[in-house]
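Undergrad: There's a structure below that I have some questions on.
The values are calculated or read from the model by the stated rules, or taken from the named source; none is laboratory data. On a predicted model such as this, the values are computed, not experimentally measured, just so you know. Quick reminder, even Gly has a Cβ in these numbers, built from the backbone with ideal geometry, and neighbours come from all protein chains shown. Surface areas here come from the heavy atoms of the whole protein model, side chains and all, with no ligands, DNA or RNA. Shrake-Rupley method; radii C 1.70, N 1.55, O 1.52, S 1.80 Å.
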Amino acid sequence: AIHSLKLSRNHVDWHSVDEVYLYSDATTSKIARTVTQKLGFSKASSSGTRLHRGYVEEATLEDKPPQTSHIVFVVHGIGQKMDQGRIIKNTAMMRDTARKVEEKYFSNLATHVEFLPVEWRSKLTLDGDTVDSITPDKVRGLRDMLNSSAMDIMYYTSPLYRDELVKGLQQELNRLYSLFCSRNPEFEEKGGKVSIVSHSLGCVITYDIMTGWNPVRLYEQLLQKEEEELEESWMSYEERRLLEELYVTKQRLREIEERLHELKACTISKPPVLKFKVENFFCMGSPLAVFLALRGIRPGTSGSQDHILPRSICNRLLNIFHPTDPVAYRLEPLILKHYSNISPVQIHWYNTANPLPYEHMKPSFLNPSKEATSAPESESASAAPSPTTSPVMVRRHYGESITNIGKASILGAASIGKGLGGMLFSRFGRSSATPQTMETGKDGSEGDEKKATTVGTPPLPHSSSGFLEPTVELEHRIDFELREGLVESRYWSAVTSHTAYWSSLDIALFLLTFMYKQDQEETDKSNLDTL
(Lines give C-alpha, C1' and ligand atoms only; values in the text may rest on other atoms or scores of the structure.)
Protein backbone atom coordinates (compact mmCIF):
# COMPACT_ATOMS: atom_id res chain seq x y z
CA ALA A 1 0.00 0.00 0.00
CA ILE A 2 1.17 3.50 -0.89
CA HIS A 3 -0.68 4.99 2.11
CA SER A 4 -2.71 3.66 5.06
CA LEU A 5 -5.20 5.29 7.40
CA LYS A 6 -6.02 3.77 10.79
CA LEU A 7 -9.62 4.10 12.04
CA SER A 8 -11.26 2.88 15.26
CA ARG A 9 -12.36 -0.55 13.96
CA ASN A 10 -11.09 -0.46 10.38
CA HIS A 11 -8.15 0.69 8.25
CA VAL A 12 -7.91 1.98 4.67
CA ASP A 13 -5.13 1.13 2.19
CA TRP A 14 -4.32 3.16 -0.95
CA HIS A 15 -2.70 0.94 -3.59
CA SER A 16 -3.14 3.54 -6.35
CA VAL A 17 -5.34 6.51 -7.20
CA ASP A 18 -8.18 4.23 -8.30
CA GLU A 19 -7.58 1.30 -5.94
CA VAL A 20 -8.61 2.13 -2.37
CA TYR A 21 -9.79 -0.63 -0.02
CA LEU A 22 -11.44 -0.66 3.41
CA TYR A 23 -10.54 -3.54 5.77
CA SER A 24 -12.09 -4.57 9.08
CA ASP A 25 -9.77 -5.01 12.08
CA ALA A 26 -12.01 -7.55 13.78
CA THR A 27 -10.26 -10.77 14.84
CA THR A 28 -12.29 -12.96 12.50
CA SER A 29 -11.45 -10.71 9.52
CA LYS A 30 -7.74 -10.82 10.36
CA ILE A 31 -7.79 -14.63 10.51
CA ALA A 32 -9.67 -14.81 7.20
CA ARG A 33 -7.14 -12.49 5.53
CA THR A 34 -4.20 -14.53 6.81
CA VAL A 35 -5.67 -17.81 5.56
CA THR A 36 -6.61 -16.48 2.10
CA GLN A 37 -3.22 -14.80 1.62
CA LYS A 38 -1.43 -18.07 2.40
CA LEU A 39 -3.62 -19.73 -0.21
CA GLY A 40 -2.31 -17.24 -2.77
CA PHE A 41 -5.10 -14.65 -2.88
CA SER A 42 -4.35 -10.95 -2.59
CA LYS A 43 -5.32 -8.97 0.48
CA ALA A 44 -7.69 -6.76 -1.51
CA SER A 45 -9.57 -9.56 -3.24
CA SER A 46 -9.91 -11.64 -0.05
CA SER A 47 -11.60 -9.33 2.46
CA GLY A 48 -11.37 -5.72 1.32
CA THR A 49 -14.22 -3.43 0.28
CA ARG A 50 -13.31 -1.21 -2.64
CA LEU A 51 -14.08 2.48 -2.23
CA HIS A 52 -14.98 4.83 -5.09
CA ARG A 53 -15.00 8.62 -5.27
CA GLY A 54 -18.17 10.53 -6.19
CA TYR A 55 -21.76 9.29 -6.51
CA VAL A 56 -23.24 6.27 -8.19
CA GLU A 57 -25.79 8.42 -10.07
CA GLU A 58 -25.71 12.10 -10.94
CA ALA A 59 -28.21 14.20 -9.00
CA THR A 60 -31.00 16.17 -10.67
CA LEU A 61 -33.23 19.03 -9.50
CA GLU A 62 -36.10 16.58 -9.03
CA ASP A 63 -34.09 14.59 -6.47
CA LYS A 64 -34.46 17.17 -3.71
CA PRO A 65 -36.69 16.10 -0.81
CA PRO A 66 -40.27 17.44 -0.88
CA GLN A 67 -41.07 20.49 1.18
CA THR A 68 -42.27 19.82 4.72
CA SER A 69 -45.73 21.34 5.14
CA HIS A 70 -46.71 19.60 8.38
CA ILE A 71 -44.65 18.49 11.37
CA VAL A 72 -45.88 16.01 13.94
CA PHE A 73 -44.42 15.92 17.45
CA VAL A 74 -44.54 12.38 18.85
CA VAL A 75 -44.83 12.41 22.67
CA HIS A 76 -44.13 9.29 24.74
CA GLY A 77 -45.92 8.11 27.87
CA ILE A 78 -44.61 6.15 30.84
CA GLY A 79 -41.59 3.84 30.82
CA GLN A 80 -39.07 6.08 29.04
CA LYS A 81 -36.71 5.99 32.03
CA MET A 82 -36.64 2.20 31.81
CA ASP A 83 -35.83 2.23 28.09
CA GLN A 84 -34.16 5.50 27.14
CA GLY A 85 -34.29 6.33 23.47
CA ARG A 86 -37.33 4.12 22.90
CA ILE A 87 -39.42 7.05 21.66
CA ILE A 88 -36.76 7.76 19.00
CA LYS A 89 -37.02 4.16 17.75
CA ASN A 90 -40.83 4.25 17.89
CA THR A 91 -40.94 7.52 15.97
CA ALA A 92 -38.56 6.08 13.38
CA MET A 93 -40.94 3.12 12.95
CA MET A 94 -43.90 5.48 12.57
CA ARG A 95 -41.96 7.62 10.08
CA ASP A 96 -40.94 4.58 7.97
CA THR A 97 -44.51 3.31 8.00
CA ALA A 98 -45.80 6.74 6.97
CA ARG A 99 -43.32 6.85 4.07
CA LYS A 100 -44.72 3.58 2.72
CA VAL A 101 -48.24 4.99 2.94
CA GLU A 102 -47.15 8.24 1.29
CA GLU A 103 -45.59 6.38 -1.63
CA LYS A 104 -48.76 4.35 -2.16
CA TYR A 105 -51.53 6.90 -1.61
CA PHE A 106 -50.03 10.43 -1.62
CA SER A 107 -47.15 10.22 -4.12
CA ASN A 108 -48.71 12.92 -6.32
CA LEU A 109 -48.40 15.60 -3.62
CA ALA A 110 -45.38 17.91 -3.52
CA THR A 111 -45.29 18.14 0.28
CA HIS A 112 -44.83 15.64 3.05
CA VAL A 113 -45.33 15.19 6.79
CA GLU A 114 -42.32 14.98 9.12
CA PHE A 115 -42.43 13.09 12.44
CA LEU A 116 -40.21 14.36 15.28
CA PRO A 117 -39.70 12.52 18.61
CA VAL A 118 -40.16 14.42 21.88
CA GLU A 119 -38.14 12.84 24.69
CA TRP A 120 -39.01 14.78 27.86
CA ARG A 121 -38.46 12.27 30.69
CA SER A 122 -34.68 11.76 30.81
CA LYS A 123 -33.88 15.40 31.68
CA LEU A 124 -36.05 15.45 34.81
CA THR A 125 -34.54 15.00 38.28
CA LEU A 126 -37.77 14.61 40.30
CA ASP A 127 -36.96 12.92 43.64
CA GLY A 128 -33.43 11.89 42.66
CA ASP A 129 -32.84 8.38 44.01
CA THR A 130 -35.14 8.57 47.04
CA VAL A 131 -37.63 6.02 45.69
CA ASP A 132 -34.79 3.65 44.73
CA SER A 133 -33.34 3.88 48.24
CA ILE A 134 -36.62 2.80 49.88
CA THR A 135 -37.23 -0.09 47.45
CA PRO A 136 -36.80 -3.55 49.06
CA ASP A 137 -34.21 -5.90 47.53
CA LYS A 138 -36.48 -8.90 47.02
CA VAL A 139 -37.82 -9.22 43.47
CA ARG A 140 -35.62 -6.25 42.65
CA GLY A 141 -35.94 -6.56 38.88
CA LEU A 142 -39.73 -6.32 38.96
CA ARG A 143 -39.63 -3.45 41.45
CA ASP A 144 -37.13 -1.50 39.33
CA MET A 145 -39.32 -1.99 36.28
CA LEU A 146 -42.35 -0.61 38.14
CA ASN A 147 -40.29 2.30 39.52
CA SER A 148 -39.13 3.17 36.00
CA SER A 149 -42.58 2.98 34.39
CA ALA A 150 -45.69 3.11 36.58
CA MET A 151 -44.02 5.56 38.99
CA ASP A 152 -44.43 8.30 36.37
CA ILE A 153 -48.19 8.22 37.04
CA MET A 154 -47.52 8.71 40.76
CA TYR A 155 -45.20 11.61 39.99
CA TYR A 156 -47.83 13.29 37.83
CA THR A 157 -50.53 13.00 40.48
CA SER A 158 -48.13 14.42 43.09
CA PRO A 159 -48.54 18.18 43.67
CA LEU A 160 -44.78 18.37 44.29
CA TYR A 161 -43.55 16.94 40.98
CA ARG A 162 -46.44 17.53 38.60
CA ASP A 163 -45.24 20.98 37.49
CA GLU A 164 -41.77 19.58 36.73
CA LEU A 165 -43.25 17.02 34.33
CA VAL A 166 -45.45 19.65 32.65
CA LYS A 167 -42.60 22.14 32.24
CA GLY A 168 -40.27 19.41 30.99
CA LEU A 169 -42.59 18.50 28.11
CA GLN A 170 -43.54 22.12 27.41
CA GLN A 171 -39.92 23.29 27.15
CA GLU A 172 -38.94 20.34 24.94
CA LEU A 173 -41.83 21.01 22.55
CA ASN A 174 -40.89 24.68 22.25
CA ARG A 175 -37.17 23.87 21.87
CA LEU A 176 -37.78 21.41 19.05
CA TYR A 177 -40.15 23.78 17.25
CA SER A 178 -37.64 26.66 17.43
CA LEU A 179 -34.85 24.37 16.24
CA PHE A 180 -36.91 23.10 13.30
CA CYS A 181 -37.91 26.63 12.25
CA SER A 182 -34.30 27.83 12.43
CA ARG A 183 -33.27 25.03 10.04
CA ASN A 184 -36.38 25.45 7.85
CA PRO A 185 -37.01 29.23 7.70
CA GLU A 186 -39.71 28.87 5.03
CA PHE A 187 -41.90 26.64 7.23
CA GLU A 188 -43.63 29.47 9.12
CA GLU A 189 -43.64 31.80 6.11
CA LYS A 190 -45.61 29.29 4.03
CA GLY A 191 -48.09 28.50 6.80
CA GLY A 192 -46.69 25.18 8.01
CA LYS A 193 -48.88 23.29 10.47
CA VAL A 194 -48.12 21.40 13.66
CA SER A 195 -49.88 18.35 15.06
CA ILE A 196 -49.16 16.28 18.16
CA VAL A 197 -49.36 12.50 18.51
CA SER A 198 -49.29 11.51 22.18
CA HIS A 199 -49.25 8.07 23.75
CA SER A 200 -50.61 6.95 27.12
CA LEU A 201 -49.82 9.42 29.95
CA GLY A 202 -48.30 11.80 27.39
CA CYS A 203 -51.86 12.55 26.23
CA VAL A 204 -52.82 13.83 29.68
CA ILE A 205 -49.71 16.00 30.06
CA THR A 206 -50.09 17.44 26.54
CA TYR A 207 -53.76 18.19 27.21
CA ASP A 208 -52.93 20.00 30.46
CA ILE A 209 -50.25 22.07 28.71
CA MET A 210 -52.64 23.16 25.95
CA THR A 211 -55.55 23.97 28.28
CA GLY A 212 -53.49 25.28 31.21
CA TRP A 213 -55.34 23.04 33.66
CA ASN A 214 -54.05 23.20 37.22
CA PRO A 215 -55.20 21.26 40.32
CA VAL A 216 -55.29 24.55 42.26
CA ARG A 217 -58.46 25.46 40.32
CA LEU A 218 -60.09 22.24 41.48
CA TYR A 219 -59.15 23.07 45.08
CA GLU A 220 -60.69 26.55 44.78
CA GLN A 221 -63.90 25.04 43.41
CA LEU A 222 -64.00 22.62 46.35
CA LEU A 223 -63.60 25.46 48.87
CA GLN A 224 -66.38 27.42 47.19
CA LYS A 225 -68.67 24.38 47.37
CA GLU A 226 -67.89 23.95 51.09
CA GLU A 227 -68.74 27.60 51.69
CA GLU A 228 -72.11 27.15 50.00
CA GLU A 229 -72.84 24.07 52.11
CA LEU A 230 -71.94 25.96 55.30
CA GLU A 231 -74.29 28.80 54.39
CA GLU A 232 -77.17 26.34 54.01
CA SER A 233 -76.53 24.53 57.32
CA TRP A 234 -77.85 25.68 60.71
CA MET A 235 -75.47 27.66 62.96
CA SER A 236 -75.55 30.05 65.88
CA TYR A 237 -75.55 33.85 65.58
CA GLU A 238 -71.85 34.11 66.52
CA GLU A 239 -70.84 31.45 64.01
CA ARG A 240 -72.79 33.12 61.23
CA ARG A 241 -71.27 36.54 62.06
CA LEU A 242 -67.73 35.13 61.96
CA LEU A 243 -68.53 33.31 58.69
CA GLU A 244 -69.74 36.56 57.10
CA GLU A 245 -66.54 38.33 58.19
CA LEU A 246 -64.48 35.48 56.71
CA TYR A 247 -66.45 35.68 53.45
CA VAL A 248 -65.93 39.48 53.19
CA THR A 249 -62.20 39.08 53.91
CA LYS A 250 -61.81 36.38 51.24
CA GLN A 251 -63.74 38.49 48.73
CA ARG A 252 -61.45 41.44 49.47
CA LEU A 253 -58.39 39.19 49.09
CA ARG A 254 -59.60 37.96 45.68
CA GLU A 255 -60.11 41.55 44.49
CA ILE A 256 -56.57 42.51 45.56
CA GLU A 257 -55.13 39.45 43.80
CA GLU A 258 -57.04 40.27 40.60
CA ARG A 259 -55.77 43.87 40.64
CA LEU A 260 -52.21 42.63 41.19
CA HIS A 261 -52.51 40.22 38.26
CA GLU A 262 -53.87 43.02 36.06
CA LEU A 263 -50.93 45.28 36.92
CA LYS A 264 -48.45 42.48 36.16
CA ALA A 265 -50.21 41.72 32.88
CA CYS A 266 -49.89 45.39 31.84
CA THR A 267 -46.15 45.58 32.57
CA ILE A 268 -45.06 42.08 31.51
CA SER A 269 -46.50 40.40 28.43
CA LYS A 270 -46.80 36.71 29.27
CA PRO A 271 -45.47 34.50 26.45
CA PRO A 272 -47.75 31.75 25.13
CA VAL A 273 -47.40 28.32 26.68
CA LEU A 274 -46.61 26.79 23.28
CA LYS A 275 -44.95 28.69 20.44
CA PHE A 276 -47.29 27.15 17.87
CA LYS A 277 -50.97 26.46 17.29
CA VAL A 278 -51.88 22.77 17.46
CA GLU A 279 -53.80 21.73 14.37
CA ASN A 280 -54.57 18.11 15.36
CA PHE A 281 -54.17 16.34 18.67
CA PHE A 282 -54.02 12.57 18.16
CA CYS A 283 -54.31 10.48 21.34
CA MET A 284 -53.17 6.84 21.15
CA GLY A 285 -54.01 4.40 23.95
CA SER A 286 -55.06 7.36 26.05
CA PRO A 287 -56.38 7.41 29.66
CA LEU A 288 -57.31 11.10 29.24
CA ALA A 289 -61.05 10.40 29.58
CA VAL A 290 -60.54 8.89 33.06
CA PHE A 291 -58.54 11.91 34.23
CA LEU A 292 -61.21 14.29 32.91
CA ALA A 293 -64.00 12.28 34.56
CA LEU A 294 -62.17 12.36 37.90
CA ARG A 295 -61.76 16.14 37.51
CA GLY A 296 -65.53 16.54 37.35
CA ILE A 297 -66.13 16.74 33.59
CA ARG A 298 -69.67 15.53 32.87
CA PRO A 299 -71.62 15.14 29.59
CA GLY A 300 -73.19 18.28 28.16
CA THR A 301 -76.07 19.04 25.80
CA SER A 302 -74.18 20.18 22.69
CA GLY A 303 -72.07 18.05 20.40
CA SER A 304 -69.15 20.45 20.34
CA GLN A 305 -65.54 19.48 21.02
CA ASP A 306 -65.27 22.74 23.00
CA HIS A 307 -66.82 20.94 25.96
CA ILE A 308 -63.47 19.25 26.68
CA LEU A 309 -60.98 20.99 24.34
CA PRO A 310 -61.81 24.40 22.79
CA ARG A 311 -61.32 24.67 19.04
CA SER A 312 -59.45 27.93 19.61
CA ILE A 313 -56.69 25.88 21.28
CA CYS A 314 -56.72 22.84 19.01
CA ASN A 315 -58.64 22.51 15.76
CA ARG A 316 -59.31 18.76 16.00
CA LEU A 317 -59.13 16.13 18.76
CA LEU A 318 -58.95 12.46 17.73
CA ASN A 319 -58.81 9.52 20.13
CA ILE A 320 -57.31 6.32 18.65
CA PHE A 321 -57.37 3.03 20.54
CA HIS A 322 -57.29 -0.71 20.13
CA PRO A 323 -60.47 -2.43 21.44
CA THR A 324 -58.45 -4.56 23.89
CA ASP A 325 -56.08 -1.84 25.11
CA PRO A 326 -56.60 -1.82 28.92
CA VAL A 327 -55.26 1.74 29.31
CA ALA A 328 -57.44 3.41 26.64
CA TYR A 329 -60.84 5.01 27.29
CA ARG A 330 -63.47 6.76 25.15
CA LEU A 331 -63.93 10.55 25.07
CA GLU A 332 -67.23 10.95 23.21
CA PRO A 333 -69.51 9.93 26.15
CA LEU A 334 -67.98 12.84 28.11
CA ILE A 335 -69.47 15.22 25.53
CA LEU A 336 -72.82 13.52 24.85
CA LYS A 337 -73.91 10.77 27.23
CA HIS A 338 -75.81 8.68 24.70
CA TYR A 339 -72.63 8.13 22.68
CA SER A 340 -71.74 5.39 25.15
CA ASN A 341 -74.34 3.35 23.21
CA ILE A 342 -72.82 4.27 19.84
CA SER A 343 -69.84 2.36 18.50
CA PRO A 344 -66.57 4.18 17.80
CA VAL A 345 -65.65 4.80 14.18
CA GLN A 346 -63.82 1.81 12.71
CA ILE A 347 -60.42 2.72 11.26
CA HIS A 348 -60.03 1.40 7.73
CA TRP A 349 -57.56 -1.33 7.01
CA TYR A 350 -54.50 -0.20 5.09
CA ASN A 351 -55.34 -2.28 2.02
CA THR A 352 -59.08 -1.47 1.85
CA ALA A 353 -60.13 -0.61 -1.70
CA ASN A 354 -62.15 2.62 -2.06
CA PRO A 355 -62.86 3.16 1.66
CA LEU A 356 -65.77 5.34 2.69
CA PRO A 357 -64.55 8.78 3.93
CA TYR A 358 -64.73 9.05 7.71
CA GLU A 359 -66.97 12.13 7.62
CA HIS A 360 -69.56 10.14 5.64
CA MET A 361 -69.71 7.21 8.07
CA LYS A 362 -72.95 7.36 10.04
CA PRO A 363 -72.98 6.52 13.78
CA SER A 364 -74.24 3.02 14.55
CA PHE A 365 -75.36 1.38 17.79
CA LEU A 366 -73.31 -0.89 19.94
CA ASN A 367 -75.12 -4.16 20.62
CA PRO A 368 -77.84 -3.43 23.23
CA SER A 369 -78.72 -5.87 26.00
CA LYS A 370 -81.02 -8.65 24.89
CA GLU A 371 -82.31 -9.37 28.40
CA ALA A 372 -85.78 -8.07 29.25
CA THR A 373 -86.08 -5.83 32.28
CA SER A 374 -88.87 -5.70 34.84
CA ALA A 375 -90.30 -2.47 33.43
CA PRO A 376 -93.57 -2.89 31.52
CA GLU A 377 -93.50 -2.45 27.79
CA SER A 378 -96.01 0.41 27.93
CA GLU A 379 -93.75 2.38 30.28
CA SER A 380 -90.79 1.87 28.01
CA ALA A 381 -92.70 2.96 24.96
CA SER A 382 -94.17 6.06 26.60
CA ALA A 383 -90.95 7.30 28.15
CA ALA A 384 -88.97 8.10 25.02
CA PRO A 385 -85.75 9.62 26.39
CA SER A 386 -83.97 12.60 24.95
CA PRO A 387 -80.64 11.88 23.27
CA THR A 388 -78.68 13.60 26.01
CA THR A 389 -80.41 12.00 28.99
CA SER A 390 -81.00 8.49 27.75
CA PRO A 391 -79.88 5.75 30.15
CA VAL A 392 -76.74 3.86 29.30
CA MET A 393 -77.58 0.41 27.94
CA VAL A 394 -75.91 -2.68 29.32
CA ARG A 395 -73.19 -3.53 26.82
CA ARG A 396 -71.06 -6.52 26.10
CA HIS A 397 -67.53 -6.38 24.79
CA TYR A 398 -66.96 -5.04 21.30
CA GLY A 399 -66.18 -8.38 19.68
CA GLU A 400 -68.89 -10.53 21.22
CA SER A 401 -71.77 -9.82 18.86
CA ILE A 402 -72.46 -8.01 15.62
CA THR A 403 -74.05 -4.63 15.11
CA ASN A 404 -77.56 -4.09 13.84
CA ILE A 405 -76.44 -3.60 10.25
CA GLY A 406 -75.65 -7.22 9.38
CA LYS A 407 -77.58 -8.93 6.63
CA ALA A 408 -80.11 -11.68 7.19
CA SER A 409 -77.71 -14.41 6.14
CA ILE A 410 -75.18 -13.42 8.81
CA LEU A 411 -77.89 -13.13 11.44
CA GLY A 412 -79.16 -16.57 10.48
CA ALA A 413 -75.70 -18.06 10.82
CA ALA A 414 -75.45 -16.61 14.34
CA SER A 415 -78.43 -18.62 15.55
CA ILE A 416 -77.24 -22.03 14.32
CA GLY A 417 -76.20 -23.23 17.74
CA LYS A 418 -74.85 -22.31 21.14
CA GLY A 419 -71.94 -24.74 21.01
CA LEU A 420 -68.71 -24.35 19.09
CA GLY A 421 -70.41 -22.62 16.18
CA GLY A 422 -71.89 -19.97 18.45
CA MET A 423 -68.53 -19.41 20.15
CA LEU A 424 -66.76 -18.99 16.82
CA PHE A 425 -69.38 -16.57 15.55
CA SER A 426 -69.25 -14.49 18.72
CA ARG A 427 -65.48 -14.38 18.28
CA PHE A 428 -65.47 -13.32 14.65
CA GLY A 429 -68.94 -11.77 14.32
CA ARG A 430 -67.79 -8.21 14.64
CA SER A 431 -65.00 -8.60 12.13
CA SER A 432 -67.49 -10.10 9.66
CA ALA A 433 -69.99 -7.30 10.15
CA THR A 434 -67.76 -4.25 10.15
CA PRO A 435 -66.94 -4.30 6.42
CA GLN A 436 -70.67 -3.85 5.82
CA THR A 437 -70.33 -0.24 6.97
CA MET A 438 -68.73 0.42 3.60
CA GLU A 439 -72.03 -0.47 1.92
CA THR A 440 -74.38 1.72 3.91
CA GLY A 441 -75.72 3.29 0.75
CA LYS A 442 -76.93 -0.12 -0.48
CA ASP A 443 -78.09 -1.59 2.79
CA GLY A 444 -79.82 1.58 3.99
CA SER A 445 -82.02 1.67 0.89
CA GLU A 446 -83.46 -1.81 1.36
CA GLY A 447 -87.06 -1.38 2.42
CA ASP A 448 -87.74 -4.92 3.62
CA GLU A 449 -85.97 -4.43 6.97
CA LYS A 450 -88.20 -3.93 9.99
CA LYS A 451 -87.68 -1.98 13.20
CA ALA A 452 -86.85 -4.08 16.25
CA THR A 453 -86.87 -2.70 19.78
CA THR A 454 -85.64 -4.65 22.79
CA VAL A 455 -88.46 -5.30 25.25
CA GLY A 456 -88.09 -3.21 28.40
CA THR A 457 -85.22 -1.11 27.04
CA PRO A 458 -86.01 2.55 26.28
CA PRO A 459 -85.53 2.93 22.53
CA LEU A 460 -83.15 5.51 21.12
CA PRO A 461 -84.14 7.17 17.84
CA HIS A 462 -82.68 5.06 15.05
CA SER A 463 -83.61 3.90 11.62
CA SER A 464 -84.24 0.39 10.37
CA SER A 465 -80.69 0.21 9.06
CA GLY A 466 -79.28 0.42 12.59
CA PHE A 467 -77.97 3.98 12.23
CA LEU A 468 -78.99 6.99 14.29
CA GLU A 469 -81.47 9.39 12.84
CA PRO A 470 -80.31 13.01 13.05
CA THR A 471 -80.94 14.26 16.60
CA VAL A 472 -78.14 15.65 18.75
CA GLU A 473 -74.89 14.48 17.20
CA LEU A 474 -71.24 15.40 17.56
CA GLU A 475 -69.88 18.01 15.17
CA HIS A 476 -66.99 15.66 14.50
CA ARG A 477 -66.38 12.10 15.63
CA ILE A 478 -63.58 11.79 18.17
CA ASP A 479 -63.27 8.08 19.04
CA PHE A 480 -61.64 5.90 16.38
CA GLU A 481 -61.11 2.20 16.97
CA LEU A 482 -58.68 -0.17 15.28
CA ARG A 483 -60.17 -3.35 13.90
CA GLU A 484 -59.39 -6.65 15.59
CA GLY A 485 -57.66 -9.33 13.55
CA LEU A 486 -59.63 -12.42 12.57
CA VAL A 487 -57.28 -14.77 14.44
CA GLU A 488 -56.25 -12.38 17.17
CA SER A 489 -56.23 -13.62 20.78
CA ARG A 490 -58.02 -11.08 22.93
CA TYR A 491 -56.02 -11.90 26.07
CA TRP A 492 -52.71 -11.66 24.24
CA SER A 493 -53.84 -8.42 22.61
CA ALA A 494 -54.58 -6.96 26.05
CA VAL A 495 -50.87 -7.37 26.85
CA THR A 496 -49.42 -6.18 23.53
CA SER A 497 -51.97 -3.71 22.13
CA HIS A 498 -50.90 -0.71 24.23
CA THR A 499 -47.47 -0.62 22.57
CA ALA A 500 -48.49 -1.80 19.10
CA TYR A 501 -49.54 1.56 17.63
CA TRP A 502 -46.15 2.68 16.31
CA SER A 503 -45.72 0.29 13.38
CA SER A 504 -49.38 0.06 12.34
CA LEU A 505 -50.00 0.82 8.67
CA ASP A 506 -53.68 1.43 9.50
CA ILE A 507 -52.77 4.22 11.93
CA ALA A 508 -50.20 5.73 9.55
CA LEU A 509 -52.84 5.92 6.81
CA PHE A 510 -55.36 7.36 9.28
CA LEU A 511 -52.98 10.14 10.42
CA LEU A 512 -51.91 11.11 6.93
CA THR A 513 -55.48 11.03 5.63
CA PHE A 514 -56.54 13.74 8.08
CA MET A 515 -53.44 15.88 7.70
CA TYR A 516 -53.24 15.79 3.90
CA LYS A 517 -57.00 16.32 3.63
CA GLN A 518 -56.75 19.56 5.64
CA ASP A 519 -53.77 20.76 3.60
CA GLN A 520 -55.58 19.99 0.34
CA GLU A 521 -58.73 21.81 1.47
CA GLU A 522 -56.73 24.93 2.34
CA THR A 523 -54.88 24.78 -0.99
CA ASP A 524 -58.17 24.54 -2.89
CA LYS A 525 -59.59 27.42 -0.87
CA SER A 526 -56.58 29.63 -1.59
CA ASN A 527 -56.83 28.81 -5.32
CA LEU A 528 -60.50 29.81 -5.32
CA ASP A 529 -59.66 33.07 -3.54
CA THR A 530 -57.01 33.79 -6.17
CA LEU A 531 -59.51 33.20 -8.98
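Undergrad: Starting from residues that are of a type in the set (G, A, S) and outside any helix (DSSP H, G or I), keep the ones in segment 198-214 and report whichever is modelled with the lowest pLDDT.
TA: Among those that are of a type in the set (G, A, S) and outside any helix (DSSP H, G or I), it is G212.
Undergrad: Working only within segment 53-81, note down all residues that are farther than 20 Å from M94 by Cβ and in contact (Cβ under 8 Å) with a residue 24 or more places away in the chain.
TA: Let us first name the residues in segment 53-81 that are farther than 20 Å from M94 by Cβ, namely 53-64, 67, 81.
Answer for segment 53-81, where residues must be farther than 20 Å from M94 by Cβ and in contact (Cβ under 8 Å) with a residue 24 or more places away in the chain: Q67, K81.
Undergrad: Select from segment 325-363 the residues that are in a helix (DSSP H, G or I) and among the hydroxyl-bearing types (S, T, Y) and write down the one among them that is most open to solvent (accessible area, probe 1.4 Å).
TA: Y358
Undergrad: Find all pairs meeting these conditions: Cβ atoms under 8 angstrom apart; at least six residues apart or on different chains; first residue within segment 475-486 and assigned by the TED database to the domain that holds F510 and β-branched (V, I, T); second residue buried (at least 20 other Cβ atoms within 10 Å of the Cβ) and assigned to a strand (DSSP E or B).
TA: I478/L317; I478/L318; I478/N319
Undergrad: May I pose another question? So which pairs qualify, if the first residue must be in segment 181-197 and of a type in the set (F, W, Y) and modelled with pLDDT under 95, the second must be part of a helix (DSSP H, G or I) and open to solvent by less than 60 Å² (accessible area, probe 1.4 Å), the Cβ gap must be under 6 Å, and the two must be at least 6 apart or on different chains?
TA: Matching pairs, first to second residue: F187/C181.
Undergrad: Here's another thing I want to ask about it. Can we say E229 is at pLDDT 75 or above, open to solvent by 60 Å² or more (accessible area, probe 1.4 Å) and not in a loop (DSSP other than H, G, I, E, B)? Show your work before the answer.
TA: Details: at pLDDT 75 or above: no; open to solvent by 60 Å² or more (accessible area, probe 1.4 Å): yes; not in a loop (DSSP other than H, G, I, E, B): yes.
Here the answer is no, as E229 does not meet what is asked.
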